[in-house]
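The values are calculated or read from the model by the stated rules, or taken from the named source; none is laboratory data. Keep in mind that what you see is a predicted model, and the values were worked out from it rather than measured. Positions of Cβ are backbone-derived with ideal geometry, glycine not excepted, and every protein chain shown enters the neighbour counts. Each accessible area value is taken on the protein alone, full model and side chains, heavy atoms only, with ligands, DNA and RNA left out. Shrake-Rupley method; radii C 1.70, N 1.55, O 1.52, S 1.80 Å.
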Amino acid sequence: MPSGIILDKKNDILIHFLQAQKADKSCYGYINQGAYRVFYAISKDQGHTWSAPIQIVDQRQEFYNEKWGPEFDYGIRGAILNGDHCVWMEDGSLLAPFTGYERLEGTKPWYFRIICAKGTWNEDQTALNWEFGNYFEIGPDKATSGCCEPTITSLGSNRLFMTTRCQGGEPQGLHSTRYSAVSEDGGMTWSDPAPLLYDDGSPVWTPA
């Protein structure tokens, strides 16, 4: 599945993200979230030709194609990237926000949390070297299924502002809303979640 295209304006390189997934009729929604992995292809001729797809894998030694990031294990726990919401940093690196998925026990099908990966070009700009940061989570006292669908904007230098969608539930007395956080280190760690509020202090509701 296509997962967004983003332009490196500095180097005139297009990056096309591709979401790989496996349909499974035994899973809620027919999608086995443990099978989610992310690939990308690059174009240096304005999209006329593309490289072969390259899987995003954390460059540190303990990671490989099956265990491609912190707590990711192909077939058990995966993540989705919304490539349209990647952010270019001032140092030329690319911040990619992922929604991590895993199955919950009982009746809730999913639990969501956010993790970002920082990509930096290799020497000949044929691939990005990736490193994931720490997870950002919303507790069940604030959202029934955690947090998902991050939207991030740069505040300059290494500072970032993020909002996430948070699912509500009538039995729990929780409305669907948005929580926010700030990063001072380029998206590797985040502040504690804070409700996103209007100027008058009322919450921003997000229909599910």
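A compact table of results
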quantity	calculated
Qualifying residue in segment 112-123 (condition: at pLDDT below 95 and buried (at least 16 other Cβ atoms within 10 Å of the Cβ))	yes
The one condition in (1) open to solvent by less than 40 Å² (accessible area, probe 1.4 Å); (2) within 20 Å of the chain's Cα centre (by Cα); (3) not aliphatic (A, V, I, L, M) that D185 fails to fulfil	(1)
Every pair of residues 6+ apart whose Cβ atoms lie under 8 Å, when the first sits in segment 141-156 and is over 30 Å from P171 (Cα atoms) while the second is among the charged types (D, E, K, R)	S154/E90; G156/E90
Looking only at segment 129-168, and only at residues there that are aliphatic (A, V, I, L, M) and open to solvent by 10 Å² or more (accessible area, probe 1.4 Å), the one that is farthest from L196 (Cα to Cα)	L155
F98 vs. criteria under 29 Å from Q172 (Cα atoms) and either open to solvent by 40 Å² or more (accessible area, probe 1.4 Å) or at pLDDT 90 or above (or both)	yes
Long-range neighbours under 7 Å by Cβ, at least six apart or interchain, first residue within 17 Å of I115 (Cβ to Cβ) within segment 47-69, second open to solvent by 80 Å² or more (accessible area, probe 1.4 Å) and not aromatic (F, W, Y)	Q55/N65; V57/N65
Odd one out for G83, checked against (1) touching a Phe, Trp or Tyr at 6+ places or on another chain (Cβ under 6 Å); (2) at pLDDT 90 or above	(2)
Exclusive hit being touching a residue at least 12 places away in the same chain (Cβ under 8 Å) and either farther than 16 Å from E137 by Cβ or open to solvent by 70 Å² or more (accessible area, probe 1.4 Å) (or both), set P207, P193, P171	P207
All strands (runs of 3 or more DSSP E) inside segment 35-117 with 1 or more residues being farther than 24 Å from F136 by Cβ and small (G, A, S)	37-43
Scan of segment 74-99 for residues that are touching an Asp or Glu at 6+ places or on another chain (Cβ under 7 Å) and β-branched (V, I, T), ordered by number	T99
Condition met for R178 (surrounded by 17 or more Cβ atoms within 10 Å (Cβ to Cβ) and of a type in the set (K, R))	yes
Failed condition for S202, given (1) touching a residue at least 24 places away in the same chain (Cβ under 8 Å); (2) of a type in the set (S, T, Y); (3) more than 21 Å from A117 (Cα to Cα); (4) surrounded by fewer than 13 Cβ atoms within 10 Å (Cβ to Cβ)	(1)
